[in-house]
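The structure appears right after this line, and notes come after that.
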Amino acid sequence: DGDVHYQLTDTGRGRAADVAPASNFLRAEIAEDNRNGLYGGRVVTRFPPEPNGYLHYGHAKSICLNFGLAAENGGRCHLRFDDTNPVKEDVEYEDSIAAAVRWLGFDWGEHRYHASDYYGDLYRFAEWFIAQGLAYVDSQSADEMRATRGTLTQPGAASPWRDRGVAENLDLFRRMRAGEFPDGAHVLRLRIDMASPNVNLRDPAIYRIRHASHHRTGDAWCVYPLYDYTHCISDALERITHSICTLEFQDHRPLYDWVIERLADGGQLERPLPQQFEFARLNLTYVVLSKRKLIELVGNRLVDGWDDPRMPTLVGARRRGFTPEGFRLFAERIGVSK
């Protein structure tokens, strides 16, 4: 139509038809940070999939966005596997994710990481939070915790274990780590604000007991950190500058900031800290883009595996004849918004 211009670029993997970048709020934010020298001109993003399934069309948008923004600014994008749930994860999924990112035309170089790389740091920081009086071991059941969490209009109620002393909390947490308790007996929670209008700040759980073998760490751990605690710390340790995620994590951002700000104030993390930004996830009419539902299709043998050409997975799309150039063009054309 005369308004959009396309060009051919050689990616080293054949000729790729790419659309010229259009303005969006993330590009504007990064440009502003660069002008202000916030990160000394560094742009470091990350793509953090959970290795519990194959990637689908929605992931393609996130991959193109994170790797693309970094490349445009002479930066880098890390591939980090969010492997904090040993019950659902497998090395097969890790291999498929890495292959899908490469198929789309992107590479992370030496920057391939796992949340499990930081288990030692995450545990040490948890003990630090306890020592500062900012975390406690809660012995309520999951149902009891749910019942006292409150609602969007009603504040939560304090746990009867909220005022345990530092020494007792440290002892219990170390015994959790040593495997003395069964699954569900205790959790470690941050002590924030049970009356907060943001439910995510109502003393969120950050560690749970799970006696399960991990595909990378084996049986070395029986306590595992939860996502909201793990993700922000992993970003900070990797010196990520712009942590870009989908819109459902917008309400989690105050917790993201709370955790790493406290650690930085206590000299545990280096500033400047990463910032989280959210964008609208990809939804397509008449297409199921829910990993949970796709797993159900595969598990119940309603399709011929993850690469069935009817599946909206990247391996399925590849078998169907779609090209990586097409996905990159599609991701750029649909744009980024809230």
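Looking at the range 123-139, can you tell me whether even one residue there is surrounded by fewer than 16 Cβ atoms within 10 Å (Cβ to Cβ), free of Cβ contacts under 8 Å to residues at least 40 places away in the same chain, assigned to a helix (DSSP H, G or I) and not basic (Lys, Arg)? There is at least one residue in the range 123-139 that is surrounded by fewer than 16 Cβ atoms within 10 Å (Cβ to Cβ), free of Cβ contacts under 8 Å to residues at least 40 places away in the same chain, assigned to a helix (DSSP H, G or I) and not basic (Lys, Arg). One residue is enough: does the range 222-229 have a residue meeting the conditions within 28 Å of Val87 (Cβ to Cβ), over 21 Å from the mean Cα position of the chain (by Cα) and surrounded by 19 or more Cβ atoms within 10 Å (Cβ to Cβ)? Checked the range 222-229: at least one residue is within 28 Å of Val87 (Cβ to Cβ), over 21 Å from the mean Cα position of the chain (by Cα) and surrounded by 19 or more Cβ atoms within 10 Å (Cβ to Cβ).
The set of residues from the range 88-122 being open to solvent by less than 40 Å² (accessible area, probe 1.4 Å), over 21 Å from Ser213 (Cα atoms), touching a helix residue (DSSP H, G or I) at 6+ places or on another chain (Cβ under 9 Å) and not in a helix (DSSP H, G or I) comprises Leu104, Gly105, Phe106, Trp108. If you go through the range 303-318 one residue at a time, do you hit one that is of a type in the set (S, T, N, Q) and surrounded by 15 or more Cβ atoms within 10 Å (Cβ to Cβ)? Yes.
Tell me, yes or no, whether the range 165-186 has at least one residue that is of a type outside the set (Ser, Thr, Tyr), over 26 Å from the mean Cα position of the chain (by Cα) and crowded, with 19+ Cβ neighbours inside 10 Å. So far as the range 165-186 goes, yes, one or more of its residues are of a type outside the set (Ser, Thr, Tyr), over 26 Å from the mean Cα position of the chain (by Cα) and crowded, with 19+ Cβ neighbours inside 10 Å.
Beta carbons closer than 6 Å, at least 6 apart along the sequence or on distinct chains, pair a first residue in the range 286-311 that is modelled with pLDDT of 95 or more with a second that is open to solvent by 70 Å² or more (accessible area, probe 1.4 Å) for Asp307/Arg319; Pro309/Arg319; Pro309/Arg320. Just so you know, in the range 273-284 the residues that are part of a loop (DSSP other than H, G, I, E, B) and farther than 11 Å from His242 by Cα include one that is farthest from the chain's Cα centre (by Cα), and it is Leu284.
The values are calculated or read from the model by the stated rules, or taken from the named source; none is laboratory data. All figures in this text were calculated on a predicted structure; none of them were measured in a lab. Heads up, the Cβs are rebuilt from the backbone with ideal geometry, glycines too, and the neighbour counts pull from every protein chain shown. Side chains included, ligands, DNA and RNA excluded: accessible areas come from the protein's heavy atoms. Shrake-Rupley method; radii C 1.70, N 1.55, O 1.52, S 1.80 Å.
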